[in-house]
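Written out below as structure tokens is the structure these notes cover.
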Amino acid sequence: MNVFALSFALMLALVLLELAVLKFSRGQAVPWKEVVFNLNSGNIMVWVFRGVEVLAFGLVLGHLSFDWVGRWPVLWQWVFAFIAWDFCFYWMHRLHHKLPLFWAVHVVHHQGEHFGLSLGIRNSWYSSLTNFPFIAGLAVLGVPLEIFVAVSSFHYGVQFYNHNALVNKSGFLDRILVTPSNHRVHHGTDPAYIDRNFGGTFLVWDKIFGSYQAERDDIPMRYGVTAGAGGAPSYNPLWASNAGIFHWMRARFPGLAKRKTFTVPGPYIGIAGVLLFGGTIYYVNHATAWAEAPRVALFAGLFFGTLAIGGMSDDKRWGLAGWVLVALGMPALFALHGGLGSPWAMALLLPLGLHGLDGARRLALAAPVDPQARRSA
């Protein structure tokens, strides 16, 4: 398993482990719809644009760089990049809260109302694109590409950890690092917490620039966004990643009717989301060896799977119908092009096919939709 697929698999395992601890040790219900949205909000699209970000960094490094940092001893290159990236992240994050266009992208991350590891994965499709202007200067200065990728990946790993719901306070570390306690403040909706603690790893930037706020025991912690700040009426990632941008452009994004037409149980949606994330792991690890046509088809299946699960979470019949097509279509795609001999493929396709058949059963047993509901869906 390559390093990217391994990191995805580790993230998924940690998310599920945290959910199990919260449920069985603390009695907290699993908010399946939100967890699945978090896992698949960007899914493969976020990583496509992450690739664009890395490509753009390499182009700037190759054509517009002064190559100052690249001439230093290797140790100092790493030290500079490690600190400078976090400084750039602080200002990127702070301005994403202040500038309307950037907030239209970043708000997707803040719409989650439950603090946990899966929230650390929740992002707009376009987050890497709006990050790039803030880190392009590192390429101009000559930070080598491999150091940029390694340092940014490490910092993102720290931020994933900082969204966990199991750690309360971290003692001395709460004074110098962005710990879970400090980052809970950033996601809080109380006026004392709004627009505070923008740092990624080091707390020093918040303290220098006056944006630090310690977590207070006398303030109940509520998460999400305040009224008028960009709520999320839909679990569909297509809507979530684009509606705010259209609003910023004063254009109308196609609305989504609020009327429910078909309710799917939360655990069924949860299994669908985990299986789709498993498909992403398989794609990252294996599909690069496929021919172009089946690779594109698998990518399309993963993409439309996110939309179908979003439709299910929004209680839309078309969402379940779409998911059945994806869940049953992927085994057919593998049989025709990807091969069924791999144990990794079978570990994914067998439960995926069974889940799709169960979805087809649910559709067949469901009551017909009345014409008025169909027009509103």
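The values are calculated or read from the model by the stated rules, or taken from the named source; none is laboratory data. Fair warning: this is a prediction, and the values are worked out from it, not measured in the lab. FYI the Cβ positions are ideal-geometry reconstructions off the backbone, even for glycines, and counts take in every protein chain you see. Surface areas here come from the heavy atoms of the whole protein model, side chains and all, with no ligands, DNA or RNA. Shrake-Rupley method; radii C 1.70, N 1.55, O 1.52, S 1.80 Å.
A few remarks follow.
- Accessible area of residue 239 (1.4 Å probe, protein heavy atoms only, ligands and nucleic acids ignored): about 60 Å².
- Paramagnetic reach from residue 169 (point 7 Å along Cα→Cβ, amide N under 16 Å) across the range 210-226: 213-221
- Compared with the alpha-carbon gap, the fully stretched path from residue 366 to residue 54 is longer by 107.6 nm at 0.36 nm per residue.
- The lysines whose alpha-carbon is closer than 30 Å to the alpha-carbon of residue 260, local same-chain residues fewer than 8 away aside, are 23, 33, 316.
- Seen from a random direction on average, the alpha-carbon convex hull of the chain projects onto 21.4 square nanometres.
- Translational D in µm²/s for the range 252-305 (Stokes-Einstein at 20 °C, 1.002 mPa s, Kirkwood Rh from C-alpha pairs): 159 µm²/s
- Checking every one of the trypsin sites (Lys or Arg not before Pro) in the range 183-255 against DSSP loop status and a limit of 11 other Cβ atoms within 10 Å picks out 250, 252.
- Look at the Cα gyration tensor of the range 65-156: its axes a ≥ b ≥ c give a/c of at least 1.5 with a/b over b/c, and that counts as prolate.
- Mean projected area in nm² (Cα convex hull; one quarter of hull surface) for the range 98-141: 3.9 nm²
- Each Cα pair under 8 Å and six or more residues apart adds its sequence gap; the mean of these over the residue count of the chain is a relative contact order of 20 percent.
- Judged by the ratio a/c of the largest to the smallest principal axis of the C-alpha gyration tensor, the range 131-259 counts as oblate, that ratio being 1.5 or greater while a/b is no larger than b/c.
- Solvent exposure of the range 197-351 amounts to 48 Å² per residue of accessible area, where only protein heavy atoms count and the probe is 1.4 Å.
- Average accessible surface for the range 1-124: 48 Å² per residue, computed with a 1.4 Å probe over protein heavy atoms with every protein chain in place.
- Taking all protein chains as shown and a probe of 1.4 angstrom, residue 209 keeps an accessible surface of around 80 Å².
- The angle separating the long axis of helix 266-286 from the principal Cα axis of greatest extent in the chain is about 60 degrees.
- Cβ-defined net charge surrounding residue 47, 15 Å radius [Lys, Arg +1; Asp, Glu -1]: +2
- Residue 48 accessible area, assembled protein chains, probe 1.4 Å, Å²: 60 Å²
- The alpha-carbon atoms of the range 71-121, seen along their principal axes, cover 45, 27, 11 angstrom, with the largest extent given first.
- Distance between the 7 Å Cα→Cβ label points at residue 64 and residue 226: 3.6 nm.
- In a fully extended conformation the segment linking residue 95 and residue 13 would gain 26.3 nm over its present Cα-Cα distance, using 0.36 nm per residue.
- Overall form of the range 1-123 per C-alpha gyration tensor (a/c, 1.5; a/b vs b/c): prolate
- Förster radius 22 Å - calculated FRET efficiency between residue 145 and residue 250 (Cβ-Cβ, nearest 0.05): 0.05
- Carbon + sulfur, % of accessible area of the chain - ligands and nucleic acids excluded, 1.4 Å: 68 percent
- D (Stokes-Einstein, µm²/s), Kirkwood Cα radius, the range 164-206, 1.002 mPa s at 20 °C: 204 µm²/s
- Accessible area ranking (1.4 Å probe, heavy atoms, ligands and nucleic acids excluded), largest first, for 260, 23: 260, 23.
- Extension gain from residue 76 to residue 20, taking 0.36 nm per residue of separation minus the Cα-Cα distance: 15.9 nm
- Its Cα gyration tensor gives the range 137-211 an equivalent ellipsoid. The semi-axes, each the square root of 5 times an eigenvalue, are 25, 15, 11 Å from largest down.
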